[in-house]
Ligand SMILES: [Mg+2]
């Protein structure tokens, strides 16, 4: 089988509100910045590139690239051109089963989301060609369903607690609070949430690089003193500050996780060598796809640490990919983050348009059973949110 063409489709979804606060709540790192909103894009939006890989056998695989200049560092236009003009054309004529060779061919620095879109389409294609779910390609299933966590935007303590209760009514029992401003105020947010949700609910916190190392230590000590029951603290300090992360980790009992600092297998190993992490956050968009995500999980497993699978506001394809990935990783911490279910509807056809949506059953999402990712896009829904169609 040979790859014959690669198609990209840019998607722009209007959402009712920005996913995170940037006004004196959440990470200080983001205050005053609006990464997804600019004078040319004044309304809250989420953007994506859908990627289709076509073959001479007539089998097509579909993937999805996340777009967020504020987190992943690239625009929609950059990702689409990277796939259409630079990465995609090099894959024409290649055997899609040669995943290692293909990812080696496009292993340029950066472009992780462009690579992820291609990698997802490859996995979907191979699964369909073999009539097997992608989770089988990744090592098989270690679980049959996946508990869901959602992120809670920074805000007033009572508002954050109320948002958690609203989600609990919809069957969500795990949360990650966005903090990273001032430790004394942030611990009040965590205390309000814990008081509202009770002792059994998973509560993580993400500082998105907002703290200095000493502020992060202060937050953890306050959380420990008030018995907030914090499952972990994500990316407390700047992504580049591995000694700072290690200092925080040595100084507190709270588990410390890397997110912005963990893109590649080399990042993962450096974090572990610096003794800077207890947990690694893997996102398909950061890793550049499932092949590399599995390798990061293997590095974590070798070091005896755990992984969290983070949110990328998927459209449906990426959500399915993350479920297959979660099923196949032994070292994954229980809840997998799917903040998108609270932000927008997905673009999938039945039954997954409803199954990957609120309310949840027993706090979980199912892992699709069919070939490839086991999900199909709703063409009419995709047409509604397509900016334009470009074929390479
Ligand atoms: Mg994060």
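Within segment 21-47, the set of residues being buried (at least 16 other Cβ atoms within 10 Å of the Cβ), in a loop (DSSP other than H, G, I, E, B) and modelled with pLDDT of 75 or more comprises 25, 26, 27, 31, 44.
Looking at 293, 298, 303, which one is within 16 Å of the ligand (Cβ to nearest atom) and closer than 29 Å to residue 268 by Cβ? Lay out the reasoning, then the answer.
Numbers: 298 fails: within 16 Å of the ligand (Cβ to nearest atom); 303 fails: within 16 Å of the ligand (Cβ to nearest atom).
Only one candidate passes the filter, namely 293.
Can you name the residue in segment 229-264 that is in a loop (DSSP other than H, G, I, E, B), away from the ligand (no atom under 15 Å from the Cβ) and out of contact with any strand residue (DSSP E or B) (no Cβ under 9 Å at 6 or more places or on another chain) and is also nearest to residue 197 (Cα to Cα) among such residues? Working first, answer last.
Looking only at segment 229-264, we keep the residues that are in a loop (DSSP other than H, G, I, E, B), and these are 229-232, 235-241, 252-255, 259-264.
Now narrow it down to the ones that are away from the ligand (no atom under 15 Å from the Cβ): 229, 240-241, 252-254, 264.
Among the residues that remain, those that are also out of contact with any strand residue (DSSP E or B) (no Cβ under 9 Å at 6 or more places or on another chain) are: 240-241, 253, 264.
On the way: 240: 34, 241: 33, 253: 22, 264: 35 Å.
Among those that are in a loop (DSSP other than H, G, I, E, B), away from the ligand (no atom under 15 Å from the Cβ) and out of contact with any strand residue (DSSP E or B) (no Cβ under 9 Å at 6 or more places or on another chain), it is 253.
Looking at segment 311-345 only, could you name the residues that are at pLDDT 95 or above, within 22 Å of residue 169 (Cα to Cα) and either part of a loop (DSSP other than H, G, I, E, B) or not assigned by TED's automatic domain parsing to the domain that holds residue 145 (or both)? Correct list: 335, 338.
Being more than 23 Å from residue 30 (Cα to Cα) and within 15 Å of the ligand (Cβ to nearest atom) is the requirement here; does residue 224 meet it? I'd like the intermediate steps shown before the answer.
Working: more than 23 Å from residue 30 (Cα to Cα): yes; within 15 Å of the ligand (Cβ to nearest atom): no.
So residue 224 does not fit the description; no.
Being farther than 23 Å from residue 261 by Cα and modelled with pLDDT under 95 holds for only one residue in 144, 135, and it is 144. The set of residues in segment 168-182 that are away from the ligand (no atom under 16 Å from the Cβ) and buried (at least 23 other Cβ atoms within 10 Å of the Cβ) contains only 172.
Yes/no matrix, rows are residues, columns are (1) surrounded by fewer than 17 Cβ atoms within 10 Å (Cβ to Cβ); (2) outside the structural domain of residue 292 (by TED's automatic domain parsing); (3) within 16 Å of residue 305 (Cβ to Cβ):
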| residue | (1), (2), (3) |
| --- | --- |
| 191 | no, no, no |
| 195 | yes, no, no |
| 200 | yes, no, no |
| 255 | no, no, yes |
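Within segment 272-290, being under 21 Å from residue 73 (Cα atoms) and within 16 Å of the ligand (Cβ to nearest atom) holds for 280, 281, 282, 283, 284, 285, 286, 287.
The values are calculated or read from the model by the stated rules, or taken from the named source; none is laboratory data. Quick caveat: nothing in here was measured; it's all calculated off a predicted structure. Because the Cβ atoms are built from the backbone with ideal geometry, glycine has one as well, and the counts that use them run over all protein chains shown.
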